[in-house]
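Let me give you the structure first, and then I'll get to my questions.
None of the figures in this text is laboratory data; all of them are computed from the coordinates on show. Quick caveat, the model's predicted, so the values are computed rather than measured. FYI the Cβ positions are ideal-geometry reconstructions off the backbone, even for glycines, and counts take in every protein chain you see.
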Amino acid sequence: MAHRMRRCFRLYNLCPYSQGNKMSDNNKTETLAEKPESDGTSNVTKTSRKPRAARTNKTSANNKPTPPKNDKAEAVSKDASEESNSKNKTTLIVAVIALIIAILLPSVLYWQLQQSEINAQSLNLDLRQGLAEDAAKQQAEITQLRALLGEQSNQQALAEEKIQTLSLSQEQSAQQRLDVEQKLAQLNIQDINHWRLNEAEYLIQLASKKLILEQDAASASTLLKQADSSVAAVNDPQLLPLRRAIAKDLQAIAALPFVDSLGVVLEIDSLMDGIEALQLSQIDLPEIEAQQDLNVSASADDWQSNLSKSWRSFTENFVTVRRRDGEVEALVSPQHAWYLRENLRMQLQQAQLALYRDEAELFQTNLVRAATWVEQYYQQNAHAKALVQKLNELSTQDVTAVVPDSFASLDIVQKQIRERKLRLISLSEE
């Protein structure tokens with residue numbers, strides 16, 4: 001506080017108003033010092049005026065009387081006193097103003113210092129709050145980062161454990177593979193013809209798929225013959241039951257009824273190409289009924305019939321009704337002809353699919369429906385009749401192929417392979 005007061009007084013001393021006060025004080029002292037001098041001069045003037053007065057008295061007798069000079073001096077002294085009074089008043093006013101400023105200036109400076117301190121404190125408080133918030137956010141981010149690092153470390157540890165387990169399992173599988181390879185090498189050394197049995201097994205399996213899935217009897221027979229050749233190359237009397245089973249399977253395939261599925265499919269394709277040449281049926285009207293005789297007779301006895309005939313002739317001029325015997329079937333409009341052709345083509349395609357799936361009943365149903373549509377909606381010209389005849393022939397054809405579920409030779413060859421493996425393993429262990 002004392003430091004602030006000293007600072008205020010220093011500012012007050014530097015202030016121009018305070019210097020003006022000092023100058024006014026000096027002026028006061030100068031005026032006070034001038035007062036006795038003025039008194040002295042007045043005395044001098046008084047003394048100096050005395051001889052002048054004597055002179056005037058001396059000359060007054062000779063000259064006319066003149067006005068006295070004291071009035072001018074008094075006027076001058078009055079003006080000087082008024083000027084001094086006005087100067088004193090202005091000096092006093094300036095001194096009062098300077099005093100007021102000197103009193104208010106420290107207060108204003110003190111208030112400004114207080115406001116600056118308050119602003120500094122508030123700014124410091126805001127800065128501290130901002131720093132605290134930033135520190136809290138940074139601490140939260142650090143906590144999150146630590147949590148993430150902890151999770152990553154846990155995941156890394158789990159990954160390392162999994163890697164270790166996988167490496168161990170790989171080592172074990174590699175060791176097992178080496179063991180199996182060693183055993184297979186020993187088996188191959190002890191039984192050179194073992195791979196021939198495996199080849200025969202593969203050929204028999206392939207023949208079974210060809211016959212059951214594709215109904216290709218020729219390919220199945222060829223594959224069975226190749227399997228028999230592989231078994232015969234082994235030259236082992238223990239494999240005679242296997243060769244006997246292969247011979248029975250070949251005989252069963254030869255006894256199967258031959259169904260040329262591909263030929264039937266190609267015939268249906270040719271029929272689908274002929275659909276575009278079909279022509280829609282036209283209206284076939286029945287014969288017109290014979291019209292009654294409406295001529296009027298000249299006899300008066302026939303007046304009733306003549307009246308009826310006249311009335312009928314009169315009404316028929318307005319409305320003509322012609323009756324026909326027979327039923328007229330509804331025909332397909334030309335706008336719907338395209339849909340009819342596409343439906344007919346779809347029936348033939350479904351018949352092909354049923355043939356591949358060995359569904360004889362569905363095959364016949366689709367062909368019969370297609371033949372019925374051709375007879376019902378198209379003109380029965382030579383092309384349409386030939387198409388219907390071919391559809392009827394295909395629908396009566398037996399496309400069912402009785403195929404065995406499996407080959408007996410497949411079970412026997414698999415049994416022979418298992419027994420041979422067990423025998424070789426027992427020999428290798430010994």
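Hey, if you put +1 on the Cβ of every Lys and Arg and -1 on every Asp and Glu Cβ in the stretch 74-129, which of Leu123, Ala95, Ser84 ends up farthest toward the positive end of that dipole?
Leu123
Students often check this: by mean Cβ neighbours within 10 Å, which of 134-144, 193-203, 260-270, 381-391 ranks highest, and how do the rest follow?
193-203, 381-391, 260-270, 134-144
Could you give the size of the charge dipole of the stretch 349-430 about its Cα centre, using +1 on the Cβ of each K and R and -1 on the Cβ of each D and E, expressed in debye and rounded to the nearest 20?
180
Just list whichever of Lys210/Lys415; Lys210/Lys248; Lys209/Lys248; Lys210/Lys390; Lys209/Lys390; Lys225/Lys390 have alpha carbons separated by over 27 Å in the model shown.
Correct reply: Lys210/Lys390; Lys209/Lys390; Lys225/Lys390.
To continue, here is another question. Evaluate E = 1/(1 + (r/R0)^6) for Lys248 and Tyr356, where r is the Cβ-Cβ distance and R0 equals 30 Å; express this FRET efficiency to the nearest 0.05.
0.60
Right, another one. Hey, with R₀ at 60 Å, roughly what FRET efficiency would Leu125 and Ser84 work out to, going by the Cβ-Cβ distance, to 0.05?
Taking R0 as 60 Å, the efficiency between Leu125 and Ser84 is 0.50.
Okay, next question. If you average 1/r over every pair of different alpha-carbon atoms in the stretch 136-185 and take one over that average, what Kirkwood value in Å do you get?
Hydrodynamic radius (Kirkwood, Cα only) of the stretch 136-185 equals 14.0 Å.
Suppose R0 equals 56 Å. What FRET efficiency, 1/(1 + (r/R0)^6) with r the Cβ-Cβ distance, do Ile425 and Thr400 give to the nearest 0.05?
Using R0 = 56 Å, I get an efficiency of 0.75.
For all pairs of alpha-carbon atoms in the stretch 362-408, what percent lies in each bin of width 10 Å, listed from the first bin to the last filled one?
Spelled out per bin, shortest first, that is 25, 39, 18, 11, 6, 1.
Using every Cα-Cα pair within the stretch 109-162, state what percent have a distance larger than 17 Å.
63
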